[in-house]
Amino acid sequence: MTSSSIRYRRTRTLLLGAYIGLGVLVVGFAALYFWSHYQRLETAAFARSGTLARALEEHVARTFTMIDIQLRELGRRLVEKGALDRPTTPEVVEMLKDGVARIGIVISIYADDAAGRGHTTSLGADIRRLRVSSFEHTRNAFESGTEQLFFGRVTPGSVTGQINLPVARRIVDGNRRLAGVIGTAIDPGYFAQFYQSLQAGDGTTLRLIRGDGVVLARFPDRPDLPLDVSKLKFFRERISKEPAGSFDLTSPFDGRRRVLSFRHVPGFDLIVAVTEDHTMWFQPWWRATATAATAMAVFLALLLALLIFLLRELKQHAEAEERYALVVRGTNDGIWDWDLRTHQGYLSQRWGEILGYGKSELSGVKDPLLDFVHPDDKARVTEAIERQLSSGDSYTVELRLRHQDGRHRWVLARGTTLRDENGARARMTGAMTDITERKNAEAALRANAARIHDLLRRLVEAQEAERRRFAADLHDLIGQNLSAVGIELERLRGMSTAENAQAIHSLLDELAGLVARTMDAVRQVIADLRPALLDDFGLVTAIKSHAKRVEQWAGLTVLVDGNTLGPRPAPAAELALFRIAQEALMNAAKHAGASQVRLTLSGTDAAVRLCVIDNGRGIASAAAVADRRSGWGTAFMRERAEALGGSLIIEDTGAGTLVAAEIPHAHPDIAG
């Protein structure tokens, strides 16, 4: 056995051992990584479903607490006015209608008398034929002896036939004796809107469950699933006994694995439950695991093939040839080796791909650079090559080469020239890298830098303008009132209590009025900075409130229509539309000289739209007034809409000005 054979056997044993060790190490680390990743995903799934359950619990608690308070107050008013003795009178109907309006999310309110007979409904229908015993929730409220809400099964209404979630509570008189039962029918669509606002995803289901296992609401709805889960094992052993929790289960209905989180609603016989499909969290993990396993198998197979190839190829020349082929194939550069005397040579496949040419289309090339160079770059490239020839160093130059489609691509060319034994140029070899995307990115960065600089300048100007406005508001609304308070206090100090009692009382009344007006002014300034109504009650309520203030100080008639927004817009969209409405009303009052403004809010599943129309002097005249005052209002309205993927239109209608803004629900810069 020759020494070369011994070296070969030793090398083979070493490489095979290293290959096996590497395979075990790669598989072990991969298994450990994906298992730990699975654990993190499971923890995140429980945390997310628990967060959703907590949000649903808080929402349900707030909703039914508000309904309970309103029903208790309405029952007290019915008792005080003796209304339960007068069935279906206009006065009683109006009282119940007022209760419907106050709650805002119910279809109707109805009352039964102390004898358990149907009394009056806000719909005005005759319900005296009905009895509390006819319905589970009214019967429980009538017989319970406790003042709490009782919930019935989701059912069509007796009067409207509309699907609703019924609730009821006792009415007691001043001596805590039973005076009747009052109940209401809640529109399930109210909870559906909350579900949509969560943007939880297709695999998430929210349930509202009564304490005895009756499902009151389910979003999205699944008519094929039962409405009673009291007999299910996980409900009996976990949900009914624990105040809150999260666990993994296999659905008894469709056999799919899900993550379930539940919470009991404090103060009510209700449970909220959130289930999320395993595929939401773990299907990407399974895909990644399968992909990684395939990649590892391919990697190990390729590594083994390479190992066998290297063991077989012992000749230096074959190794050198293989190494060169791997370099050419693995690099992303275009490589050439050109004979300057015969104008023939080698152009790699990547070289042709960069410029869009096939191998057959390059047969007539005489120079791989100068034949394709942009006319504006030719002198610079020639100078770089000549400088390389004189110095002997390699050259590096950025230039544009003509693509097969006629356009030019930016490349970074690096190369050197070889001379023959007589010193004449014989060969040129080098590589080029496609840097078109980098060049485009640099140009885009320069353009973006200029735009950002302009936006920052305008932002600073806008901030200064807002500070001036805020300072003016403080001076005009608060400073003057405080100065007046100081003057009146000085007058009060100089008066004798015994001789000027009546005048002192008059001055004190004036001071109290000034303080009240100052407090109102402070509230108005705070509301202008960030309207609390927008966060608590939504866009329509906030705009209506602001419209009333504009009517008071500007003398305008402002009409607001907006009851069909569809899903509630995201907070960023609501704020942008509110500021646009604010600016449009300000323009109408200060610049357009309008006497009436109409604001219309409408929405679809895709977007929400605001339309403001006034009867002022028109956009051209109003813009001239605004320009004299250096206003940024129109530009800021447009930037607010466009920043959220929306649009803004301002037109002169001939009888005033139209401002229309539309913002989509789904946009990367909007947070639900």
So for 129, 609, fewest C-beta neighbours within 10 Å to most, what's the order? 129, 609
How much net charge surrounds residue 657 when only other residues with a Cβ under 10 Å from its Cβ are counted (Lys, Arg +1; Asp, Glu -1)? -2
Taking the Cβ of each residue in 138, 275 as the centre, tally the other Cβ atoms inside 10 Å and list the residues starting with the fewest. 275, 138
Around residue 189, with a cut-off of 15 angstrom between Cβ atoms, what is the net charge of the other residues, counting Lys and Arg +1 and Asp and Glu -1? -1
The alpha-carbon pair-distance distribution computed for segment 176-290, with 5 angstrom bins and whole-percent values, is 2, 9, 17, 23, 18, 12, 8, 5, 2, 1, 1, 0, 0, 0
Give the lysines whose C-alpha is closer than 21 Å to that of residue 590, dropping any in the same chain fewer than 8 places away, or say none. 544, 548
Whichever lysines have a C-alpha closer than 21 Å to that of residue 439, once near sequence neighbours (fewer than 8 apart) are set aside: 378
Students often forget the sequence filter, so: which lysines lie under 18 Å Cα-Cα from residue 241 once same-chain residues fewer than 8 apart are removed? 231, 233
Proxy reagent accessibility, fewest Cβ within 10 Å first, across 282, 135: 282, 135
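Readers should treat all values here as calculations from the given coordinates under stated rules, not as data from a laboratory. These numbers were taken from a predicted model, which means no experiment stands behind them. For neighbour counting, all protein chains shown are included, and Cβ atoms are generated from backbone atoms with ideal geometry for every residue, glycine included.
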